[in-house]
Amino acid sequence: MKRHVDMDSKYSAIAHEKCPKTNNLKRKNGYSQVDKMAVKPLKKKNSEILKQNDVVSNCKDTVNQTNGVFEENIQVDRRRLPVYLVRSRLVEEINNNATLILIGETGSGKTTQIPQIIYEAQLEDAGTIAVTQPRRVATISIALRVAAEMNTEVGNIVGYSVRFEDVTSPQTKVKYLTDGMLLREAIADPLLKKYSIIILDEAHERTVNTDILFGIVKLAQKERIQQKLLPLKVIMMSATMDVDTFQKYFDNCPVVYLEGRSYPVTIYHSKIKHEDYQYAAICTIFQLHATLPPEDDFLVFLTGQEEIETITYNIKQIAKEAPGPPIKVCPLYAGLPSVKQLEVWKNPPPGTRKIVLSTNIAEASVTIPRIKCVIDTGVVKER
């Protein structure tokens, strides 16, 4: 095994250097690195390393487990996040600029904290803060987390809107929604008049919906100025993105770089080529399972529902005779019902290891508690 310094996801990972090519699978490409010289850095006031994840939880208040395996205080965790430490400077930048590109390292807390910082500073005026996400599960889970941090019910100050499910009210000021839902709203209202600030998160993913939204919000900004309506502020956020391209498209808008990663990450790669990456993933799971404590949960990246179901069955069968603590397997993919998707954020029984089998749906904007080891097969399904 050799040490690797680059990071391809928000977790530590164990991956293969090469994987066999198939008709519908391709190697994942690393994102381009941000040139720190081209952006304005915001340094955190101290170098304190976070000791707990910025976890998306279905809890509504502080979560405490009496067995002491996992204990979290939401407000304490929030104050430790790098974004929170520079909130006054962020408020100044957002207030002074109609369009802003915000590059925040993974784990900085930008997705959950930036909307709260804007709301607390009352920068949204009479409008609503919209935060787009490329995936449904991220939209729901983040809204639940932010509602818990703000000590409110989902659907009140904080709400979310996904396909077939709208949990908002007239009192909602922070609204998380998929990019497809915002695009749908733009069909009826091209100027998006109900929103005063629109945050386009995970901008680097460049989905069709997100790319169209870039054009819509840029045009809406100009039209609202010409019609002397409530000005629209646009913020694009990402951990890694092609800054120059986005900056040029949005008329050389300022770029802010948020420094500070929550956790040190060590990545190991397989020294040999594995023709069957599913078998290699299962072997790695049980090698680690036999040596690591039960409170260390695993996240395994696979390509789709069929693979996840197959490996789920294999793990359950092998676990009956394998050494180590009991195992709880949690699948996570786009076609899974929302109720079952949220099972991923529930803590397993004491002494039980949780193994999350997921597509790349868990690669961005979603943080799962207790994950200590990630097994990345290195392949993704191409549509």
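The values are calculated or read from the model by the stated rules, or taken from the named source; none is laboratory data. Here the structure is a predicted model, which means the values were calculated and not measured. For neighbour counting, all protein chains shown are included, and Cβ atoms are generated from backbone atoms with ideal geometry for every residue, glycine included.
Screening the candidates Leu200, Leu183 for the property of being among the hydrophobic types (A, V, I, L, M, F, W, C) and touching a residue at least 60 places away in the same chain (Cβ under 8 Å) yields one hit, Leu200.
Pairing each residue of segment 286-299 that is more than 20 Å from Asn314 (Cα to Cα) with any residue that is part of a loop (DSSP other than H, G, I, E, B) and polar (S, T, N, Q), provided the two are 6+ apart or on different chains, yields no C-beta distance under 6 Å.
Which of the numbered conditions does Ala138 fail, given that it passes all the others? Conditions: (1) more than 19 Å from Gln341 (Cα to Cα); (2) surrounded by 21 or more Cβ atoms within 10 Å (Cβ to Cβ); (3) in contact (Cβ under 8 Å) with a residue 24 or more places away in the chain. Of the numbered conditions (1) more than 19 Å from Gln341 (Cα to Cα); (2) surrounded by 21 or more Cβ atoms within 10 Å (Cβ to Cβ); (3) in contact (Cβ under 8 Å) with a residue 24 or more places away in the chain, the odd one out for Ala138 is (1). In summary, Leu219 fulfils each of the numbered conditions (1) under 24 Å from Ala121 (Cα atoms); (2) surrounded by fewer than 17 Cβ atoms within 10 Å (Cβ to Cβ) with the single exception of condition (1). Residue count for segment 273-313 satisfying the condition of being of a type outside the set (A, V, I, L, M), crowded, with 19+ Cβ neighbours inside 10 Å and assigned to a helix (DSSP H, G or I): 4.
What about Val162, is it within 21 Å of Ile216 (Cβ to Cβ) and of a type in the set (A, V, I, L, M)? Yes; evaluated as a whole, the condition is true for this residue.
Restricting segment 73-100 to residues that are surrounded by fewer than 18 Cβ atoms within 10 Å (Cβ to Cβ) and part of a loop (DSSP other than H, G, I, E, B) leaves a set whose member that is modelled with the lowest pLDDT is Asn73. When segment 156-172 is filtered for residues that are within 22 Å of Leu183 (Cβ to Cβ) and either surrounded by 16 or more Cβ atoms within 10 Å (Cβ to Cβ) or touching a residue at least 40 places away in the same chain (Cβ under 8 Å) (or both), the ones remaining, listed by number, are Val158, Gly159, Tyr160, Ser161, Val162, Glu165, Val167, Thr168, Thr172.
Looking only at segment 331-357, which residues are of a type in the set (Val, Ile, Thr), out of contact with any helix residue (DSSP H, G or I) (no Cβ under 9 Å at 6 or more places or on another chain) and closer than 15 Å to Ala138 by Cα? If the condition is that a residue be of a type in the set (Val, Ile, Thr), out of contact with any helix residue (DSSP H, G or I) (no Cβ under 9 Å at 6 or more places or on another chain) and closer than 15 Å to Ala138 by Cα, then Val339 is the only one that fits.
Among the residues of segment 324-369, the ones that are under 17 Å from the mean Cα position of the chain (by Cα), in a loop (DSSP other than H, G, I, E, B) and buried (at least 20 other Cβ atoms within 10 Å of the Cβ) come to 8 in all. The selection criterion, being of a type in the set (Gly, Ala, Ser), in the same structural domain as Asn209 (by TED's automatic domain parsing) and either part of a helix (DSSP H, G or I) or under 20 Å from Gln221 (Cβ atoms) (or both), holds for Ser141.
Exactly one residue out of Leu229, Leu177 is in the same structural domain as Arg78 (by TED's automatic domain parsing) and surrounded by fewer than 16 Cβ atoms within 10 Å (Cβ to Cβ), and it is Leu229.
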